[in-house]
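Read the figures in this text as sums done on the coordinates, not as results from a lab. This is a predicted model, so every value here is computed, not measured. With ideal geometry, Cβ positions are generated from the backbone for all residues, glycine too; neighbour counts draw on all protein chains shown.
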Amino acid sequence: MSILNKTTPPAQPADETRRASRVINIANRSTEQMIRSVNQGLDTIWNAPDPAAVLTALGTDAGAAFALNTATIAFLVEQLAGGDYQSDLDEILAKVAAIPAHTIAKDGSVKLK
């Protein structure tokens, strides 16, 4: 086939089709970013040489970090369980299950038991 052959250029998808595809793409990228962020947050604390020292350094912000992480994980589980991201959820939930016993004080500090 020559580039000089008369051909009909492929039809461009309709604007609404392109927009719908973009919405799906954005939703998937957002989901993947939330999964990465949760994993990074968990790994930053629990893969540290001394997780208790990291919690001490977080001070009274530790409780808020735990609460936000818990809410984010609950949202991900609610939205993604049983779907294409199940293996990602399983990885996160395994990390959560491995978190040592701890207490969150009224002031927001977290101590390992």
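Once you put a point 7 Å from the Cα of residue 90 and another 7 Å from the Cα of residue 105, both along the Cβ direction, what distance in nm separates them?
Here the modelled spin labels are 4.0 nm apart.
To the nearest 20 debye, what is the magnitude of the charge dipole of the stretch 15-112 about its Cα centre, counting +1 on the Cβ of each Lys and Arg and -1 on the Cβ of each Asp and Glu? Display every interim value, and only then the final one.
Values: 8 positive and 12 negative charges, 36 e Å.
The dipole magnitude comes to about 180 debye.
Could you pull out every residue, at least 5 positions away or on a different chain, whose amide H is within less than 5 Å of the one on residue 48? Hs are placed 1.01 Å off N in the peptide plane, and Pro or chain starts have none.
Under 5 Å from the amide H of residue 48 lies no amide H from a residue far enough along the sequence or on another chain.
Using Cα positions and a limit of under 17 Å, work out the aspartates and glutamates in reach of residue 6, with same-chain residues fewer than 8 apart set aside.
Partners found: none.
In deg cm²/dmol, rounded to 500, what helix-only [θ] at 222 nm does the chain give when every DSSP H run of at least 4 residues adds -39500 (n - 2.57) and the total is split over its residues?
Result for the chain: -21000 deg cm²/dmol, rounded to the nearest 500.
If you project the alpha carbons of the stretch 15-112 onto their three principal axes, what span does each projection cover, largest first, in Å?
So the three principal-axis extents are 53, 23, 23 Å.
Only helices at least 15 Å long along their axis, Cα-based, and averaging 0.0 or more on Kyte-Doolittle count here, so list those DSSP H runs from the chain.
On the way: long enough: 15-46 (46 Å, -0.75); 62-80 (26 Å, 1.27); 86-97 (16 Å, 0.10).
Once both thresholds are applied, what remains is 62-80, 86-97.
Would you list which aspartates and glutamates come within 19 Å of residue 111, measuring only between C-alpha atoms, while excluding same-chain residues fewer than 8 positions from it?
By straight Cα distance, residue 111 reaches 43, 50, 61.
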